[in-house]
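Asker: Structure provided below as structure tokens; questions to follow.
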Protein chains: 4
Amino acid sequence: MTAFEPGSADYERRTRDSFARQAAMRLIGAEMTSVEPGRVEIALPFSEQVTQQHGFIHAGITSAIADTAGGFAAFTLFPPDVSVLTAEYKINLLAPATGPRLVAVGEVLKPGRTLTTCEVAVYNEAADGRRKLCAKVLQTLARVGPRPDIGEAG
Amino acid sequence: MTAFEPGSADYERRTRDSFARQAAMRLIGAEMTSVEPGRVEIALPFSEQVTQQHGFIHAGITSAIADTAGGFAAFTLFPPDVSVLTAEYKINLLAPATGPRLVAVGEVLKPGRTLTTCEVAVYNEAADGRRKLCAKVLQTLARVGPRPDIGEAG
Amino acid sequence: MTAFEPGSADYERRTRDSFARQAAMRLIGAEMTSVEPGRVEIALPFSEQVTQQHGFIHAGITSAIADTAGGFAAFTLFPPDVSVLTAEYKINLLAPATGPRLVAVGEVLKPGRTLTTCEVAVYNEAADGRRKLCAKVLQTLARVGPRPDIGEAG
Amino acid sequence: MTAFEPGSADYERRTRDSFARQAAMRLIGAEMTSVEPGRVEIALPFSEQVTQQHGFIHAGITSAIADTAGGFAAFTLFPPDVSVLTAEYKINLLAPATGPRLVAVGEVLKPGRTLTTCEVAVYNEAADGRRKLCAKVLQTLARVGPRPDIGEAG
């Protein structure tokens, strides 16, 4: 992996603050567990409320944390006056998402002036920290002009 | 659109029952609003709890109802003894998901013995029922052997 | 379908000229058979030279005409001083590509200032003109600054 | 990377023979340069005949070698009586494909009884062997029943 230049000196605080304003991540119980330039981890403890009919974590919820991990990985490289939007992504679901903790690791593959491409790996993480791949994502993020976050001074 | 043969006489009840066992859909507030052979609609009223940092519905939540609409569209064509799993999908986000109601329309493009391909359109629906496209999905579903739903006799 | 405004008065000539400079399309034997604002068709007569090991048209060749149809569909809407690049696409292969003619129909789903999203349907077309769907594509195109085509005055 | 068990003792010969029957790969000038269990490389020397209008290798041609590398990576793990078909793939184009040699490295992410998931990295390779990433692919392959290759005893 290439080492990336963060987009600002306080990229970590900016990234964590923006994540904290994602109500949807609070609703499902996701946490931002690691923030580095071009790399972000989002973790989701298994809970019955995010499951589908077979008792696994719903593919849409797996997607939600994967999309978030990749989006904020790109965001760490952006200058302070711009925001990030997901243009598209594709996910392959390789194994049932059973937890006990689901961890999405988003990494920038190719930063760009308008488009940034990320890949995300999602793992079932055991209590001892061992990870097994359960999904893989390729994602395209667009850099958009200043767009105030909810609750932020515009 | 081709007319599809439903997978069983009571495909609608089976589809609605299986959806009702998706805790994740209850959590976000999604409803199954239409079930026909090869075509399912899932609706999500806008609520603050499913938003991202700019106040739009989170792309992961949009994905979750799209994945569900496509998955159950395939499921309507399956015989009673099999279940459905999403193998992969790709979503293009075309406009912010603002509601007031988000509606995902999943349709079978190509049914198959092992793989079924669906496409899903997601719309922002106004109070008067007018719909504007906000996302488009291509999805591959796998037919899997009997796998009891949660709470079902195995 | 929405009716789209072409990007210039001579969009058709510009589009056909740019296609004519794609050596790869000449190599495989593809033709541009229709050009409208936001919609382009590329046809490929079956020939042994574009097949894979089972005697069907190679998925990569099917992809090549699909990518081209979508890319030029976007290009018809662009002003004269910009060019088009494919950022990404996803293809679902639904049936063997057998011909006798393979036709890719690219259509703009959502035009944009930096990104344009297209979908492409690829059909096996019989001698009597009847079409059967064999592949479906979702594609993201980027508008890039002036980049002279090969053989064009820069 | 996990070490994979090859699908048969003569997996390499079977894989190279099947590739040799892909007329489309001959047409564009691609070679199979490496075959290991779950990993295959396809190389394409730059030539004017595979370019698009800006003089880069056509995205469809890049896709064609990527699809082939992933498909045969899966094939190396299959038993002798089955064949491989691409169900779908998604490609992100990260940099112009300029060569002088384009190399697609296909690797199995997750082998399966019916579906195998691969990822493919495509590189511009310099004369000194240095590689720069120019495209990334996620791909789903289906295992299909015995289907004689062209020119093979059925």
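Asker: In whole Å, how far is the Cα centre of region C:1-71 from that of region B:79-116?
Answerer: 28 Å
Asker: 222 nm [θ] for chain A, helices only, -39500 (n - 2.57) per DSSP H run of 4+, per residue, to 500?
Answerer: Value at 222 nm, helices only, nearest 500: -6500 deg cm²/dmol.
Asker: For region B:11-144, place one equal point scatterer on every Cα, skip the solvent, and apply the Debye formula. What is log10 of I(q)/I(0) at q = 0.11 Å⁻¹?
Answerer: -0.34
Asker: Given springs between every Cα pair under 10 Å in a Gaussian network model of chain B, which of B:THR68, B:THR51, B:THR140 has the largest fluctuation?
Answerer: Of B:THR68, B:THR51, B:THR140, the Gaussian network model singles out B:THR51 as fluctuating most.
Asker: Could I ask something else about it? Apply 1/(1 + (r/R0)^6) to the Cβ-Cβ distance of A:ARG26 and C:ALA127, taking R0 = 45 Å, and write down the FRET efficiency to the nearest 0.05.
Answerer: The computed FRET efficiency comes out at 0.15.
Asker: Pick out which of D:ALA126, D:ALA59, D:ALA69 has the largest mean-square fluctuation in a Gaussian network model of chain D, springs linking Cα atoms closer than 10 Å.
Answerer: D:ALA126
Asker: Quick check: pseudo-label points 7 Å beyond the Cα along Cα→Cβ at C:SER47 and D:GLU48, how many nm apart are they?
Answerer: About 1.9 nm separates the two model spin labels.
Asker: Would you kindly state the longest site-free stretch of chain B, with sites defined as trypsin sites (Lys or Arg not before Pro) in a DSSP loop (not H, G, I, E, B) surrounded by at most 12 other Cβ atoms within 10 Å?
Answerer: B:1-112
Asker: Between B:PRO80 and the same site in the other copies, what are the distances in nm, shortest first, taking label points 7 Å from Cα along the C-beta direction?
Answerer: Result for B:PRO80, in nm, nearest copy first: 4.4, 6.5, 6.9.
Asker: Rounded to whole Å, how close does chain B get to the rotation axis onto C by Cβ? Give me the residue too, please?
Answerer: Of all Cβ atoms in chain B, the one nearest the axis gives B:LYS90, 2.
Asker: If you don't mind, there's one more thing I want to ask. Indicate the gyration tensor shape class of the protein assembly as shown (rounded, prolate or oblate), computed on the Cα atoms with a ≥ b ≥ c the square roots of the eigenvalues: a/c under 1.5 is rounded; otherwise a/b larger than b/c is prolate and the rest oblate.
Answerer: Since a/c stays below 1.5, the shape of the protein assembly as shown is classed as rounded.
Asker: Using the reciprocal of the averaged 1/r over all distinct C-alpha pairs, how large is the Kirkwood radius of region C:1-59 in Å?
Answerer: Answer for region C:1-59: a Kirkwood hydrodynamic radius of 13.3 Å.
Asker: Pick from C:GLU125, C:GLU88, C:GLU48: which is most flexible by mean-square fluctuation in a GNM of chain C where alpha carbon atoms under 10 Å apart are linked?
Answerer: Comparing C:GLU125, C:GLU88, C:GLU48 in the GNM, the peak value goes to C:GLU48.
Asker: Two-decimal Rg/Rh of region C:80-152 from alpha-carbon positions, Kirkwood Rh?
Answerer: In region C:80-152, Rg relative to Rh is 1.09.
Asker: Something else: Working from Cα positions, state the angle (0 to 90°, nearest 10) between the long axis of helix A:11-20 and the longest principal axis of chain A.
Answerer: Here the helix axis deviates by roughly 50 degrees.
Asker: Further, regarding this structure: Got a number for carbon plus sulfur as a percent of the protein assembly as shown's accessible area, 1.4 Å probe?
Answerer: Of the solvent-accessible surface of the protein assembly as shown, carbon and sulfur hold 53 percent.
Asker: With a probe of 1.4 Å, find how much accessible area chain D has per residue, and write the answer as a whole number in Å².
Answerer: 37 Å²
Asker: Could I ask something else about it? Nearest 0.05, what FRET efficiency do C:THR98 and D:ARG16 give at R0 = 30 Å with Cβ-Cβ as r?
Answerer: Efficiency computed from Cβ-Cβ geometry: 0.70.
The values are calculated or read from the model by the stated rules, or taken from the named source; none is laboratory data. In this text the structure is predicted, and so the values were computed from the model without any measurement. All Cβ positions, glycine included, derive from the backbone under ideal geometry; neighbour counts span all protein chains shown. Just the protein is used for accessible areas: all its heavy atoms, side chains included, with ligands, DNA and RNA removed. Shrake-Rupley method; radii C 1.70, N 1.55, O 1.52, S 1.80 Å.
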